[in-house]
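To start, the structure under review is shown below, and the notes come after it.
Every number in this text was worked out from the coordinates using simple rules, so none of it is lab data. Computed from a predicted model, the values in this text were never measured in an experiment. Cβ coordinates were reconstructed from backbone atoms using ideal geometry, including for glycine residues, and neighbour counts include every protein chain displayed.
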Amino acid sequence: MHQPRTFIDKIFLVVKGLFMGAANKVPGVSGGIVAFVGGFYEEFIYSLQKVNIKAAKLLFNGRFKSFYRYTNGTFLVLLIAGMLISYFSVSRLLDYFLDKKELYVWAGFFGMILGSIYFISKDFKNWNKKTITACVIGLVVGLSISFLSPAKENDNLFFIFFCGIISVSGMTLPGLSGSFILILLGNYVLLLVDSVNSLYDTFAEIIKGDFSFVKNSARLHTLKILAVFTLGSATGLVTLSHLLGFVLKYFKKITTAVIIGFITGSLGVVWPWKRTLFKKDELGQFLIDSNGDKIIANYQRYWPDITIMETWAAVFFIIFGIFVLLSLEWYGKIRAEKEKVRSGR
């Protein structure tokens, strides 16, 4: 039974959702890291596990309060609300800074991931042959993913559904970036840029009383793609949460070791000193998405043409990213102490 949340706790939960949503959209960053470091990863997985047959029966029988309590509704609603707000606000701000100040954004996330590695590993005292092997496997897989080449865009609805399942991996598996996986699958722009913007534009038009989008076949096709992607994401969240719940229950030490290795390997994706490479057509012209932005192809690591000042500024943002993670840890400890006092332990 979860302790009642104060108003401040609820505000912070929405903020954590904002961070998760922003992290999920940035290629190379995992929303699961936010959950892990924020101290609500296991509650997140546990709550998703409650979306099951029993929950469906409660819902269809009209027992809405019981359904809400059973699924830890307050937690999920506030967290998901934060993610949705992020997709239409914070993530757009991040898009701007990735375009204008790419080096510093990557440096900040690099620092946050360094901080998360320290956070997760500092209390892990179960190193042995099995956990070390698991950690190395996670490290190798994480590094391997960061150097794969992306595929071409594919709007087949079965593939879109599969992309939905894969994309939520970043929310449930710390260190695995769902958005970077979408780049490798070739559908990052289609699913996290074009589709989201189409939904945003559609809502904006509806508010104005403009329903002309129903005659726009391209818009309707994009919205259909988004609906299938969302269905795949929901399916992935529920199925992966049940699998992870089982793994965390029976193989927690090995799972934690794999996560430490995987997050360490993911540093290859967010390495700050790199340049974004964009897709080109047969004539060498940049391919453009529906917003007029160039489509990401991959990254060139080791960025040679930056000044010493820019390098030191990047180092500052790495330190700042570490500081943000340590602040989250500090908040988590304070909240844990309050929970102990509140429960009388």
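Each residue of the range 197-202 in order: what ³J(HN,Hα) in whole Hz does its phi give by Karplus 6.51 cos²θ - 1.76 cosθ + 1.60, θ = phi - 60°, with x for Gly and Pro?
5, 5, 5, 4, 5, 5
R0 = 25 Å: FRET efficiency of GLU42 with TRP271, Cβ-based, nearest 0.05?
0.25
I'd like the FRET efficiency for ASN216 and PHE316, computed as 1/(1 + (r/R0)^6) with the beta carbon distance as r and R0 of 45 Å, rounded to 0.05.
Values: r = 46 Å, r/R0 = 1.03.
Once the sixth-power term is evaluated, E becomes 0.45.
How far, in nm, would the chain grow between LYS224 and SER144 when pulled straight, counting 0.36 nm per residue and subtracting the alpha carbon separation?
Going from the current span to full extension adds 25.5 nm.
What distance in nm separates the two pseudo spin-label positions at ALA56 and ILE206, each 7 Å out from Cα along the beta-carbon direction?
2.6 nm
Report the FRET efficiency, 1/(1 + (r/R0)^6), for THR6 and VAL77, where r is their Cβ-Cβ distance and R0 is 22 Å, rounded to 0.05.
For R0 = 22 Å, the calculated efficiency reads 0.85.
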